[in-house]
Amino acid sequence: MFLFKGCKGVTFMTESGIRDMLTSYDKKNLKIATVCSHSSLQIFNGARKEGFKTVGISVGEEKKYYNGFPLGKPDEFFIVDSYKDIVKCAEELKEKNIVIIPHGSFVEYLGAENYLKLDVPSFGNKKVLMWESDRNKERTWLEGAGLVMPKEIKNPKDIDRPVIVKYHGAKGGRGFFIAKTFGEFQKRVDKTKSYVIQEFVLGTRYYLHYFYSPIQDDAYKLSKGSLQLLSMDRRDETTIDEVQRLGSIAELEELGIHPTFVVTGNIPIVMRESLLPKVFKMGEAVVEKSLKLFNGLIGSFCLETVVTEELEFKVFEISARIVAGTNPYSFGSPYSEFIQPDLSTGRRIAQEIKYAAKHNLLEDILT
Ligand code: AMP
């Protein structure tokens, strides 16, 4: 175990960024690191299968639960006092030849600003953060790609259908609420916070897990590189997904019990095969648009969708990195099985890094 209580402090990325960082790297002995949470078991397991050594970044102590999962345990731990300290440990992480795999919790715990400052090679394009974390920019990107998003209602007085109210910065659906009328909205809304009002789309939810490689074109070909569909899931959200056991939502709301959307787990799912062409078309359009807007996203991304009874997709969110919904597929999914047996998203990421290191293309997939 490595204990870094006193890291050297924040270093800043230079103009030439990733190229400079990689000059001191031994590219034959890269180590894969991530924060011990979210999808780390899968990332470490996938990296191990591709022959990488792994490092688990953990706050305060080694996480004991890994002892229960030896094949998902990192080879070593890198202990920090707080997530925010990771930025100060850039030099120490680089000395260890580390490539970071950012997952949803990594970026959340560190904070987007700190993550942007982090002077350690990271898988993916950091610029994507600006486009996914700002709801207006996200809409410009996704609608600009031709995707259909839930209608946004600017003035609450115009609520003429069920809506979902989302507070800015709310994570994992915490604090969202449903309203069916302006009156209901008025009763529930916290006016001290900023929010958006979105049409509540009726249908079935599918969270689609793609992998975009800008450097390999042996899959669904795009103008540059190629796209894969690795898996899909449905989130398990408390209390909305089970609240009906107690009564109808309308009945419960009368009693002051309001459903919440806090993610607690993920359920594996497949969709009717006739929808797959649309799934690829959406993924393609999102990548092509990202290439025009900010040089392209890289690697894993997820479109969060609702399929309506007309079999149309409405996309309410994009996550541009590995999502926890890939966790049911540590040993492959009904889709990835048709690409390669035993292919998790974590393993696919490790393969991309291995390929890039071998062909001197690391600058194309890391920032
Ligand atoms: P989000 O934080 O945007 O991923 O939303 C959290 C959860 O709220 C989602 O997983 C869905 O269950 C639900 N949700 C979000 N937006 C919508 C929408 N426009 N229509 C229906 N359900 C939604």
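The values are calculated or read from the model by the stated rules, or taken from the named source; none is laboratory data. Computed from a prediction, not measured in an experiment: that's the story for all the values here. Glycine gets a Cβ as well: all are built from the backbone with ideal geometry, and neighbour counts include every protein chain shown.
Residues that are over 24 Å from Leu142 (Cα atoms), part of a loop (DSSP other than H, G, I, E, B) and touching a helix residue (DSSP H, G or I) at 6+ places or on another chain (Cβ under 8 Å) are absent from the range 283-297 altogether. The lone criterion from (1) closer than 30 Å to Asp364 by Cα; (2) surrounded by fewer than 18 Cβ atoms within 10 Å (Cβ to Cβ); (3) among the acidic types (Asp, Glu); (4) within 12 Å of the ligand (Cβ to nearest atom) left unmet by Asp217 is number (4). Among the numbered conditions (1) among the charged types (D, E, K, R); (2) assigned to a loop (DSSP other than H, G, I, E, B); (3) within 16 Å of the ligand (Cβ to nearest atom), the only one that Glu138 does not meet is (2). On inspection, Lys84 qualifies as in a helix (DSSP H, G or I) and basic (Lys, Arg). Per the listing Phe331, Phe301, the residue uniquely assigned to a strand (DSSP E or B), of a type in the set (A, V, I, L, M, F, W, C) and at pLDDT 95 or above is Phe301.
Residues in the range 186-214 that are surrounded by 20 or more Cβ atoms within 10 Å (Cβ to Cβ) and among the hydrophobic types (A, V, I, L, M, F, W, C) were compared, and the one that is farthest from Asn136 (Cα to Cα) is Phe211. Test Arg174 against the stated conditions and say whether it is under 19 Å from Arg235 (Cβ atoms) and either part of a loop (DSSP other than H, G, I, E, B) or free of Cβ contacts under 8 Å to residues at least 40 places away in the same chain (or both). It is true that Arg174 is under 19 Å from Arg235 (Cβ atoms) and either part of a loop (DSSP other than H, G, I, E, B) or free of Cβ contacts under 8 Å to residues at least 40 places away in the same chain (or both).
Yes/no matrix, rows are residues, columns are (1) farther than 18 Å from Phe338 by Cβ; (2) within 21 Å of the chain's Cα centre (by Cα); (3) more than 14 Å from the ligand (Cβ to nearest atom):
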{"position": "Gly225", "(1), (2), (3)": "yes, yes, yes"}
{"position": "Ala285", "(1), (2), (3)": "yes, yes, yes"}
{"position": "Asn295", "(1), (2), (3)": "yes, yes, yes"}
{"position": "Thr305", "(1), (2), (3)": "yes, yes, no"}
{"position": "Glu312", "(1), (2), (3)": "yes, no, no"}
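Do we have any residue at all in the range 341-353 that's within 20 Å of the chain's Cα centre (by Cα), within 16 Å of the ligand (Cβ to nearest atom) and in a loop (DSSP other than H, G, I, E, B)?
So in the range 341-353, the residues within 20 Å of the chain's Cα centre (by Cα) come out as 343-353.
This time we only want the ones that are within 16 Å of the ligand (Cβ to nearest atom), so: none.
No, the range 341-353 has no match at all.
Of all positions in the range 118-134, at least one carries a residue that is in contact with a strand residue (DSSP E or B) (Cβ under 9 Å, 6 or more places away or on another chain) and either free of Cβ contacts under 8 Å to residues at least 12 places away in the same chain or within 15 Å of the ligand (Cβ to nearest atom) (or both). The conditions are (1) closer than 30 Å to Gly346 by Cα; (2) within 16 Å of the ligand (Cβ to nearest atom), and Ile153 fails exactly one of them. Which is it? Single failed check for Ile153: (1).
Mind checking which residues of the range 286-317 are closer than 20 Å to Phe176 by Cα and surrounded by fewer than 24 Cβ atoms within 10 Å (Cβ to Cβ)?
Of the residues in the range 286-317, the ones closer than 20 Å to Phe176 by Cα are 303-306, 314-317.
Correct list: Leu303, Glu304, Val306, Lys314, Val315, Phe316, Glu317.
Note on the range 156-171: among residues that are in contact (Cβ under 8 Å) with a residue 40 or more places away in the chain and over 16 Å from Leu202 (Cβ atoms), the one that is nearest to the ligand (Cβ to nearest atom) is Lys171. Just wondering, is there one or more residues in the range 324-338 that are within 16 Å of the ligand (Cβ to nearest atom), more than 16 Å from Met232 (Cβ to Cβ) and crowded, with 24+ Cβ neighbours inside 10 Å? No.
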